[in-house]
1. Please list the equivalent ellipsoid semi-axes of the chain, computed as the square roots of five times the alpha-carbon gyration tensor eigenvalues, in descending order and whole angstrom.
2. Would you mind checking the tilt of helix 8-35 against the longest principal axis of the Cα atoms of the chain, expressed as 0 to 90 degrees and rounded to 10?
3. Please give, to one decimal in nm, the separation of the simple spin-label points placed at residue 26 and residue 43, each 7 Å out from Cα toward the Cβ.
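No value in this document is a laboratory result; all are computed from the given coordinates. Model, not experiment: these values are computed from the prediction. Here the Cβ is made from the backbone with ideal geometry for all residues, glycine too, and neighbour counts use every protein chain on show.
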C-alpha cells in the first residue's frame, strides 16, 4: 500500500462523494419525516419513544447503505 490515496484528485473526489452522500441521506430523511403523520424529532426526543428510535435508526442505516452503494458504484 503506497501513498496513492494522497493524490489531490482522489482526496477531493472522496470528500465530494462524502458530501454528496450526506446531502442525499439528509434529503431522504427529511422526505420520510414529512411523509410520517407525526413529528419524528418530537416523538423521539421529547416523548422518548424508544421503539420509534429503533425504527428510525434502522431506516437510517438502510438509507446509508443504499447511498453508499450508489456512490461507490
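1. Values: eigenvalues 224, 29, 22 Å².
Equivalent-ellipsoid dimensions as semi-axes: 33, 12, 10 Å.
2. 10
3. A separation of 2.3 nm, rounded to one decimal place.
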